[in-house]
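A.B. asks: Sharing a structure with you now.
The values are calculated or read from the model by the stated rules, or taken from the named source; none is laboratory data. Values in this document were obtained by computation on a predicted structure and should not be read as measured data. Note that each Cβ is placed from the backbone with ideal geometry, even for glycine, and that neighbours are counted across all protein chains shown. Quick note on the areas: whole protein, heavy atoms, side chains included, nothing else; ligands and nucleic acids left out. Shrake-Rupley method; radii C 1.70, N 1.55, O 1.52, S 1.80 Å.
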Amino acid sequence: MASMKALVKRRPEQGIWMEQVPAPAPGMNEVLIKVEKTAICGTDLHIYKWDEWSQRTITPGLVIGHEFVGRIVAMGPGVDNYQVGDRVSAEGHLTCGQCRNCRAGRRHLCTHTRGIGVNRDGAFAELIAAPAQNLWLIPPQIPSEIAAFFDPYGNAAHCALAFDIVGEDVLITGAGPIGIIAAGICRYLGARHVVVTDVNDYRLNLAAKMGATHIVNVKRGSLADAMKAQDIREGFDIGLEMSGNPQAFNDMLRHMYHGGHVALLGILPSDIRIDWDQVIFKGVTIKGIYGREMFETWYKMTQMILGGLDLRPVLTHQLPIDDFQTGFDLMASGQCGKVVLSWE
C-alpha cells in the first residue's frame, strides 16, 4: 500500500507529529484530492494542546485538519459531477442525509454530523478522500491560499448573513480570524459602523485593516466610549459573538439596541451567568450559529470574493508544511491571523 506524509495526533499529550501513513483510496461517491494548501484552525490548536474537549472527542492516531484546498486526482464509483484536475475545497461537516433536517435541505442542522479531521482522518496530509457531495469547486480567480481557509470564512459569513446588516451598527466581540473576517464582510455588506473588541492589539489591528470602523482593546477602553466616538446613541443593532468570553457577551447584551439581533458563534462556558433582563426587556433575538449552511453560505462566500471582498489582510503567514511547528506556535501566541501551510 502506498504511503504519504501527514500530521498525526499520535499520543494523548500536547503536540502533533509528522508521520508516514497509508494513503487513502476513494470509496463509493468519494474523490481523492491531492492537497495543495491547508490552514490551521482554532480546533486544530485545541487538538494540539490536548485540552479537555480534545480528550473526550479525539482518538489518538487521527490525521487532523479540515481547512484545505487541492486538486482531484482520482474518483471513486458513482462520482460523475467532477473531473480529475478540478480544484476544490470541502465542507468539513459530513451529514447523514437521512435525518429530518437533512431531508428538508437543512444539512447544517444534521443531528448526526461528523467532522473531517475530528471524527475521521483529515486534510493535514498529502492526500485526502472526501465525499463528492461535500466538495466546493474553486473558481480560477480565487487564489489557493485564500481558498484554503474557506471553512472559517464560512463561519464568519454564516454569522454576518444571519440578519439584515445594511445600514446597521454592528458589534463583534472577539478578534480571532473569524471575527476579523466578519468585520470585513459586514463592511462589504453595507453596515454603518463595525466595532470590534478584544484584548489582542495585533488582531484588533487586523480587524481595522479588514474594515472595522472602530477597535476597542477592553483592557484600555470601553464600548461606551466607542459608541460615543461614532455617535451610536442607543445601542448596537447587530451583535456577532465570536469570543466565547462571558464578560464580553454580557457587555454586548448591555449595549444592544432594543429589538437587536445577536448571532452566537463563540462557545461559552456551560455555567455562564447571563443577564437575562438584557435579553427579555430589550426583546433581543439570539441565534446559535454552527458551521456553514450547505451550500448557500458557500455560494455567498464565493460571490462576495468575486465581487471584491478582499481577505488578504487576514492571511498573515504562509509556510512550507515542514515548518508546521512554527505555524502552531504562531497560532498559540495569538500574533497572527490565518496561517496557511503549503504541501506543494
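A.B. asks: Share of antiparallel DSSP beta bridges in the chain, in percent to the nearest 5?
C.D. replies: Within the chain, antiparallel bridges account for around 55 percent of the total.
A.B. asks: Could you state the principal axis extents of the C-alpha atoms in the stretch 202-344, from the largest down, to the nearest angstrom?
C.D. replies: 55, 37, 35
A.B. asks: Among the aspartates and glutamates, which have Cα under 12 Å from the Cα of residue 282 when same-chain residues fewer than 8 positions away are ignored?
C.D. replies: Straight-line reach from residue 282, under 12 Å: 234, 237.
A.B. asks: Dipole of the stretch 10-125 (Lys/Arg Cβ +1, Asp/Glu Cβ -1, origin at the Cα centre): which of 102, 123, 63 lies farthest to the positive side?
C.D. replies: 102
A.B. asks: Okay, moving on. Please compute the per residue accessible area over the chain with all protein chains in place, 1.4 Å probe, rounded to a whole number of Å².
C.D. replies: Accessible area per residue, the chain: 43 Å².
A.B. asks: Any idea what the alpha-carbon Rg over 2.2 N^0.38 Å comes to for the stretch 260-344?
C.D. replies: 1.56
A.B. asks: Set the bar at 21 Å for Cα to Cα. Now go through 49/209; 219/287; 9/49; 209/338 and name every pair that lies beyond it.
C.D. replies: Too far apart for the 21 Å limit: 49/209; 219/287.
A.B. asks: How large, in percent, is the carbon and sulfur part of the accessible surface of the chain at a probe radius of 1.4 Å?
C.D. replies: 49 percent
A.B. asks: May I pose another question? Placing +1 at every Lys and Arg Cβ and -1 at every Asp and Glu Cβ, with all other atoms neutral, what dipole size does the chain have around its Cα centre, in debye to the nearest 20?
C.D. replies: Dipole of the chain, to the nearest 20 debye: 340 debye.
A.B. asks: Related question: Determine the dipole magnitude for the stretch 1-61: charges of +1 sit on the beta-carbon of Lys and Arg, -1 on that of Asp and Glu, nothing else is charged, the reference point is the Cα centre, and the result goes in debye to the nearest 20.
C.D. replies: With only Lys, Arg, Asp and Glu charged at Cβ, the dipole is about 120 debye.
A.B. asks: Considering only 260, 244, 217, whose Cα is most displaced toward the positive end of the charge dipole of the stretch 212-344, charges sitting on Cβ of Lys, Arg (+1) and Asp, Glu (-1)?
C.D. replies: Towards the positive end, the residue furthest out is 260.
A.B. asks: Placing unit charges on C-beta atoms (Lys and Arg positive, Asp and Glu negative, everything else neutral), compute the dipole magnitude of the stretch 186-344 about its Cα centre in debye, rounded to 20.
C.D. replies: Roughly 420 debye for the stretch 186-344.
A.B. asks: Moving on to the next point. May I ask you to evaluate 6.51 cos²θ - 1.76 cosθ + 1.60, the Karplus curve with θ = phi - 60°, for each residue of the stretch 105-119 and list the ³J(HN,Hα) values in order in whole Hz, giving x for glycine and proline?
C.D. replies: For the stretch 105-119, the Karplus-derived couplings read x, 10, 5, 5, 10, 4, 7, 10, 4, 10, x, 5, x, 10, 9 Hz, x marking Gly and Pro.
A.B. asks: If you don't mind, there's one more thing I want to ask. Show the residues, 5+ positions off or on another chain, whose built amide H is closer than 5 Å to the amide H of residue 168.
C.D. replies: The list, which skips near neighbours in sequence, is 192.
A.B. asks: How long are the semi-axes of the equivalent ellipsoid of the stretch 1-136, defined as square roots of 5 times the Cα gyration tensor eigenvalues? Whole Å, largest first.
C.D. replies: Computed over the stretch 1-136, the values are 24, 20, 12 Å.
A.B. asks: A further question follows. Of 199, 90, 139, which is farthest on the positive side of the dipole of the chain, counting Cα position, with +1 on Lys and Arg Cβ, -1 on Asp and Glu Cβ, and the Cα centre as origin?
C.D. replies: It is 90.
A.B. asks: Now, a different point. Taking every pair of alpha-carbon atoms in the stretch 113-221, give the share separated by more than 18 Å as a whole percent.
C.D. replies: Tail of the P(r) past 18 Å holds 57 percent of the pairs.
A.B. asks: Quote the accessible area belonging to residue 51 in square angstrom, nearest 10, computed with a 1.4 Å probe and with ligands, DNA and RNA left uncounted.
C.D. replies: 40 Å²
A.B. asks: Next up: Please work out how much accessible surface residue 75 shows to a 1.4 Å probe, ignoring ligands, DNA and RNA, in Å² rounded to 10.
C.D. replies: Here the residue's solvent-accessible area equals roughly 70 Å².
A.B. asks: Which value results for Rg/Rh of the stretch 1-75 when Rg is the Cα radius of gyration and Rh the Kirkwood radius based on the inverse mean 1/r?
C.D. replies: For the stretch 1-75, the value is 1.00.
A.B. asks: Go through (1) 17.2; (2) 28.1; (3) 18.9 and flag the label whose value is the computed mean projected area of the Cα convex hull in nm² for this structure.
C.D. replies: Working out mean projected area of the Cα convex hull in nm² from the coordinates points to (1).
A.B. asks: Nearest 500 deg cm²/dmol is fine: what mean residue ellipticity at 222 nm does the chain get from its DSSP H runs of n ≥ 4 alone, each adding -39,500 (n - 2.57), divided by its residue count?
C.D. replies: That comes out to -7500 deg cm²/dmol.
A.B. asks: Alpha carbons only, please: Rg and Dmax for the stretch 175-285, in angstrom.
C.D. replies: Both quantities, over Cα of the stretch 175-285: 13.2, 36 Å.
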